[in-house]
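Here is the structure we will look at, set down as C-alpha cells.
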Amino acid sequence: MKFKILIVVGNYYKEFSKSLLFCAKEKLKNELKVKHKSKIMKFEVDDIEVPGSFEVPIIIARNIKKYDGFIALGCIIKGETQHFEFISQSITNAIMQLSIDHKKPIGNGIITCLNKEQAKDRSASKGQEAAQAVISVLSK
C-alpha cells in the first residue's frame, strides 16, 4: 500500500526543526512491513516549511484532501510570558480537531520545552515518534 504523507515543519528554531524533520523522514524512508495483516507500506513524502509552529495547522488544513496522513513538527520554547501556553494549546487543539474532522492521522511532533537543552534532547526522537504514530494509524 502506498500512502501520501505531508510533513509540515515550523522552522523558527532551525537547529531543532532540522533534527525533527530528519528523524521523521528516516522513519518513513524505507518500506515498512507492518505485522498487522502483513501489509507492506510505502510512503510518498512531501514537506513544507513555515515560519513557526503556529502556522502548521493552517498548512495541514489547506492540504487535508491531498494526503493520507500528516506529521506536524516544530519547537516552542517557554519565555517569560504566557505566550508559550496560549500557542501550545492552540496548536494542539487545532491539530486534534483537523484529525477528528477529517479522519486522518496527524502525528504531533511539535515539542514544547522549557529551554534549548530540553529542545535539543527531545528533537532527537520526537520526529520519529510522530511518524510512527501516523504509520500505526494508517496500518489499521
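The values are calculated or read from the model by the stated rules, or taken from the named source; none is laboratory data. Everything numeric in this text was worked out from a predicted model, so none of it was measured. So basically every Cβ, Gly included, is an ideal-geometry build from the backbone, and we count neighbours across all protein chains shown.
Given the conditions (1) touching a His at 6+ places or on another chain (Cβ under 7 Å); (2) on the phi > 0 side of the Ramachandran plot, which single one is not true for Lys103?
(1)
Looking only at the stretch 114-126, which residues are assigned to a helix (DSSP H, G or I) and either in contact with a Ser or Thr (Cβ under 7 Å, 6 or more places away or on another chain) or at positive phi (or both)?
Residue satisfying the conditions is Ser123 alone.
Among what's in the stretch 20-43 and is at pLDDT 95 or above and touching a strand residue (DSSP E or B) at 6+ places or on another chain (Cβ under 9 Å), pick the residue that is farthest from Cys113 (Cα to Cα).
This residue is Lys25.
Report, by residue number, each residue of the stretch 78-89 that is out of contact with any helix residue (DSSP H, G or I) (no Cβ under 7 Å at 6 or more places or on another chain) and part of a helix (DSSP H, G or I).
Matches in the stretch 78-89: His83, Phe84, Glu85, Phe86, Ser88, Gln89.
If the Cβ limit is 6 Å and pairs must be 6+ apart or interchain, which residue in the stretch 63-75 that is closer than 19 Å to Ser90 by Cβ and in contact (Cβ under 8 Å) with a residue 12 or more places away in the chain pairs with which residue that is in a loop (DSSP other than H, G, I, E, B) and of a type outside the set (S, T, N, Q)?
Hits for this filter: Cys75/Tyr13.
Which count do you get for residues in the stretch 66-102 that are loosely packed, with under 15 Cβ neighbours inside 10 Å, over 19 Å from Ser139 (Cα atoms) and of a type in the set (D, E, K, R)?
Selection size over the stretch 66-102: 3.
Under 6 Å between Cβ atoms, which residue pairs at least 6 apart in sequence (or on different chains) link something in the stretch 90-113 that is closer than 11 Å to Ala61 by Cβ and part of a strand (DSSP E or B) with a partner that is modelled with pLDDT of 95 or more and polar (S, T, N, Q)?
Ile106/Ser99
Taking the stretch 103-119 as the search range and keeping residues that are surrounded by 15 or more Cβ atoms within 10 Å (Cβ to Cβ) and not hydrophobic (A, V, I, L, M, F, W, C), which one is farthest from the chain's Cα centre (by Cα)?
Gln118
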